[in-house]
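Peer 1: First the structure, which I've put down as structure tokens, then a few questions once you've had a look.
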Amino acid sequence: MGKEPALISAIGAVAANGMIGLDGWLPWDIPEELAYFEATVAGAALVIGRLTYESMDVVPVDSFIVSRRDDLIVRPGCRRVASVEEGLRGAVATGKPVFVIGGASVYAAAWRYCHRFYLTRIERDFAGDSRFPESIRLDDWVLERETVRQLHENKTDSDVTCRFLVFRQQNPLILISADCNSPMG
Ligand SMILES: NC(=O)c1ccc[n+]([C@@H]2O[C@H](COP(=O)([O-])OP(=O)(O)OC[C@H]3O[C@@H](n4cnc5c(N)ncnc54)[C@H](OP(=O)(O)O)[C@@H]3O)[C@@H](O)[C@H]2O)c1
């Protein structure tokens, strides 16, 4: 009682046609967008889907890897969790800010608990095989910040408009203690 609830945020980048991933990595190559992501999540505890985790060269300590595989061995400093809620509880317990970094089904399960969503809209269509979930209606959230930049995209060797948005959700679902709101029990 009386303790500030931990700040839970999500962060992701989405193309104009909704794509977020291609062949296990990003559909685009925009170094400055990636640098924004890295700077924003620095020092946070992360909640990560198993495929996204496997695509990452470096995974910081206090990362919670969501997977239904109970035999999954994860890197030192990481923990396998069976549900997004278990991951969020573990991340909150570190005392660090918490960031959900995707992919699609992890965003879909986590957004209700998020206070903020850091979304980069990349204003061009990209081919992809992983799509931002349509169930997340950020239009209902409060837009707190918007910065527009032209950034270089290396695959097409051209500049692309990137809209860095920060949304706030008025009344996120409260993450209650262990096993009470986990659909997996
Ligand atoms: N643009 C961006 O900001 C962004 C962000 C993140 C990822 N990506 C891209 O998106 C692609 C990967 O994303 P993805 O959506 O395909 O996969 P993902 O969410 O990273 O991983 C999917 C896996 O996570 C586990 N999982 C997901 N939801 C779960 C839940 N509710 N409960 C238990 N386990 C759950 C399952 O693992 P098991 O199969 O082990 O059970 C599932 O197969 C990559 O291309 C990546 O680069 C892009």
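The values are calculated or read from the model by the stated rules, or taken from the named source; none is laboratory data. This is a predicted model, so every value here is computed, not measured. Ideal geometry is used to build each Cβ from the backbone, glycine not excepted, and the neighbour counts take in all protein chains shown.
Peer 1: If you check every pair at least six apart or on different chains, which have Cβ atoms under 9 Å apart with a residue in segment 124-141 that is over 30 Å from ASP157 (Cβ atoms) first and a residue that is in a strand (DSSP E or B) and near the ligand (Cβ under 9 Å from one of its atoms) second?
Peer 2: What qualifies is LEU138/LEU119.
Peer 1: Here is a follow-up. Please go through segment 69-103 and pick out each residue that is buried (at least 19 other Cβ atoms within 10 Å of the Cβ) and within 12 Å of the ligand (Cβ to nearest atom).
Peer 2: Across segment 69-103, the qualifying residues are ARG80, VAL81, VAL84, GLU85, GLU86, GLY87, LEU88, PHE99, VAL100, ILE101, GLY102, GLY103.
Peer 1: How many residues are closer than 25 Å to ARG89 by Cα, touching a residue at least 24 places away in the same chain (Cβ under 8 Å) and within 13 Å of the chain's Cα centre (by Cα) if we restrict to segment 20-50?
Peer 2: 9
Peer 1: Looking only at residues that are within 12 Å of the ligand (Cβ to nearest atom) and in contact with a Phe, Trp or Tyr (Cβ under 6 Å, 6 or more places away or on another chain) in segment 41-68, which one is modelled with the lowest pLDDT?
Peer 2: Filtering first and then ranking leaves SER55.
Peer 1: Which ones in segment 15-40 are within 10 Å of the ligand (Cβ to nearest atom) and under 14 Å from SER130 (Cβ atoms)?
Peer 2: The answer is ALA15, MET19, ILE20, GLY21, LEU22, ASP23, GLY24, TRP25, LEU26, PRO27, TRP28.
Peer 1: Residues to consider are GLU38, GLU86, GLU54; find the one that is in contact with a strand residue (DSSP E or B) (Cβ under 8 Å, 6 or more places away or on another chain), in a helix (DSSP H, G or I) and among the acidic types (Asp, Glu).
Peer 2: GLU86
Peer 1: Assess whether LEU7 counts as being at pLDDT 95 or above and under 22 Å from PHE64 (Cβ atoms).
Peer 2: It is false that LEU7 is at pLDDT 95 or above and under 22 Å from PHE64 (Cβ atoms).
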